[in-house]
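The values are calculated or read from the model by the stated rules, or taken from the named source; none is laboratory data. Please read all numbers here as calculations on a predicted model, not as lab measurements. In this analysis, Cβ positions are derived from the backbone assuming ideal geometry, glycine residues included, and neighbour counts consider all displayed protein chains.
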């Protein structure tokens, strides 16, 4: 999909599955702390706590993939958020299919309706806030007739499922 | 409301109305590019383009309020996103009621169901990305029986309205 359309899928604030890989290890984590920073090239700010195994892989590789699951994948999303990749192969445990990406070593997740391959472009706020600035270098999305039903974390295992779409006359991008 | 609960309202990714004030000018802008950065004290990363009048007021005052509207306020949200506070008093034009905040000079918006008073705590990424790190110093929320129906920007005047809530067993905060 065109890089210029990435914001339309991330701006609504869905829970994402962030994949990372370094040497012979890959991991996937559940993540809600992200925001668009620029349209094109798409830049994303993303917080990955240094207590997470994904932090180690992201820091070492400088790459990741942001995958967007639908409500169908909610059990896997919660499962990935409740264990550590240090001890568990989460792809195997939760039946997630890793596909090779084109521009980074971190894998795409076949079950997700969109995947954005990212490179870390700014680490100035990593030391203090674990906040990475990512550039999306390649974007994939499954063509669909209806918008996918995304999930949005309300905390403590509660999720809002995306509802209907409304349209208003607007000049906003 | 307790500062430790701020993340539960921002993490799902709603469109917010950001208010700012400096000297005798106040403004309100529509904003979707924000993410939690820490739980407590709540830190929020927030992108305000330097083309916006709110950038000038935020930079000069170091303060703002993040107000969360419901679907009822969607017309005002779009209105505020389609004109500039340089030329228009948006509170007056869109019938938004400014209330005094307790810890900052930027006003609360009475019509919004939650308002978070913020101070700018880190400007290192402002020069390059217009990204501010804010600390929430006071949080207000209207008590409700049901979760408010928030709106989430899909781009070009389309908004997803928050749908039903699902719960899964989780140890995630």
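To keep it simple, each residue is scored yes or no on (1) assigned to a strand (DSSP E or B); (2) at pLDDT 95 or above; (3) within 11 Å of chain B (Cβ to nearest Cβ).
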site	(1), (2), (3)
A:128	no, yes, yes
A:134	yes, yes, no
A:140	yes, yes, no
A:145	no, no, no
A:154	yes, yes, yes
Can you find a residue that is within 19 Å of residue B:41 (Cα to Cα), assigned to a strand (DSSP E or B) and within 13 Å of another protein chain (Cβ to nearest Cβ) anywhere in segment B:118-125? yes
State which residue is nearest to the chain's Cα centre (by Cα) when the search covers only segment A:52-71 and only residues that are without any contact (Cβ under 8 Å) to a residue 60 or more places away in the chain and within 23 Å of residue A:11 (Cβ to Cβ). A:67
Taking residue B:124 as the residue in question, decide whether it is under 19 Å from residue A:34 (Cα atoms) and free of Cβ contacts under 8 Å to residues at least 60 places away in the same chain. yes
With the requirement that a residue be closer than 28 Å to residue B:148 by Cα and free of Cβ contacts under 8 Å to residues at least 60 places away in the same chain, what does segment B:31-51 give you? B:31, B:33, B:34, B:35, B:36, B:38, B:40
Against the definition (at pLDDT 95 or above and crowded, with 22+ Cβ neighbours inside 10 Å), how does residue B:111 come out, yes or no? no
Would you mind listing the strands (runs of 3 or more DSSP E) fully within segment A:17-75 where at least 2 residues are within 12 Å of chain B (Cβ to nearest Cβ)? A:25-31, A:34-38, A:43-47
Just name the residue that is nearest to residue B:173 (Cα to Cα) out of those in segment A:156-167 that are surrounded by 13 or more Cβ atoms within 10 Å (Cβ to Cβ) and either more than 7 Å from chain B (Cβ to nearest Cβ) or modelled with pLDDT of 95 or more (or both). A:158
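Conditions tested, residue by residue: (1) under 14 Å from the mean Cα position of the chain (by Cα); (2) more than 25 Å from residue A:167 (Cβ to Cβ).
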{"position": "B:95", "(1), (2)": "no, no"}
{"position": "B:109", "(1), (2)": "yes, no"}
{"position": "B:116", "(1), (2)": "yes, yes"}
{"position": "B:119", "(1), (2)": "yes, yes"}
